[in-house]
1. Please sort by residue number the trypsin sites (Lys or Arg not before Pro) in the chain whose DSSP state is loop and whose Cβ has at most 10 other Cβ atoms within 10 Å.
2. With +1 on each Lys and Arg Cβ and -1 on each Asp and Glu Cβ, how big is the dipole of the chain about its Cα centre, in debye rounded to the nearest 20?
3. Restricting attention to region 1-44, which chymotrypsin sites (Phe, Trp or Tyr not before Pro) occupy a DSSP loop and are surrounded by at most 13 other Cβ atoms within 10 Å?
4. Relative contact order, percent, of the chain when contacts are C-alpha pairs under 8 Å separated by at least 6 residues?
5. Set the Förster radius R0 to 35 Å, insert the Cβ-Cβ distance between GLU66 and LYS10 as r into 1/(1 + (r/R0)^6), and round the FRET efficiency to 0.05.
6. What ranking do CYS12, CYS55 get, fewest neighbouring Cβ atoms within 10 angstrom at the top?
7. Cut-off is 10 Å between beta-carbons; in what order do VAL59, VAL17 appear when sorted fewest neighbours first?
8. For P(r) over Cα pairs in 5 Å bins from 0, in percent, several values are listed as (i) 3, 15, 27, 30, 20, 5, 0; (ii) 3, 15, 26, 27, 20, 9, 2, 0; (iii) 2, 13, 20, 19, 15, 11, 8, 5, 3, 2, 1, 1; flag the one computed from this structure.
Amino acid sequence: MTVEFNPKSKSCYCFSVPNGTWFHLLKTSIIKEFLNNPPLTNDPIYATKKQAIKCAEAVKNWQPTEFWFGSDPEKGKQIFIEFFERCNGFETY
C-alpha cells in the first residue's frame, strides 16, 4: 500500500510513497509531533501550511537510514523537503 500526498497549492506536485517509507519517517523524526501524533495507519492527515513548514525543517535536520528510500535516501529526503516547503499545507490518504 501507499500513502498519497496532496498539496493545497496548485503549483506543487502530488506524490506517493510506500507505507513503510512514510511510517519510518514518522517514527524516526519529530514530524509526528507536528502532525498531532497520527497513528501509523493510512488514516488521512490534514496539515496546515505552518505544520508543513515545520515538517520541512524537521526533515532537513533528520538523517535517513541507509536504505530508507531505496538506493538513494538523500533523494527521498529532498523530495519531502521540497514538497513540504511548496505545498501550502497538505492532506494524505
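1. Details: sites: LYS8, LYS10, LYS27, LYS32, LYS49, LYS50, LYS54, LYS60, LYS75, LYS77, ARG86; in loops: LYS8, LYS10.
Here the sparse-neighbourhood loop sites are LYS10.
2. Values: 11 positive and 10 negative charges, 62 e Å.
The calculated dipole for the chain is roughly 300 debye.
3. Details: sites: PHE5, TYR13, PHE15, TRP22, PHE23, PHE34; in loops: TYR13.
Answer in residue order: TYR13.
4. Once divided by the residue count of the chain, the mean separation gives 42 percent.
5. On the way: r = 36 Å, r/R0 = 1.02.
Once rounded, the FRET efficiency stands at 0.45.
6. Values: CYS12 20, CYS55 25.
So the residues, fewest neighbours to most, are CYS12, CYS55.
7. Numbers: VAL59 23, VAL17 19.
Ranking VAL59, VAL17 by Cβ neighbours within 10 Å, fewest first, gives VAL17, VAL59.
8. Identified label for the calculated read-out: (i).
Every number in this text was worked out from the coordinates using simple rules, so none of it is lab data. Predicted, not measured: the structure shown is a model, and the values here were computed from it. When we count neighbours, we look across all protein chains shown, and the Cβ atoms used for this are built from the backbone with ideal geometry, even at glycine.
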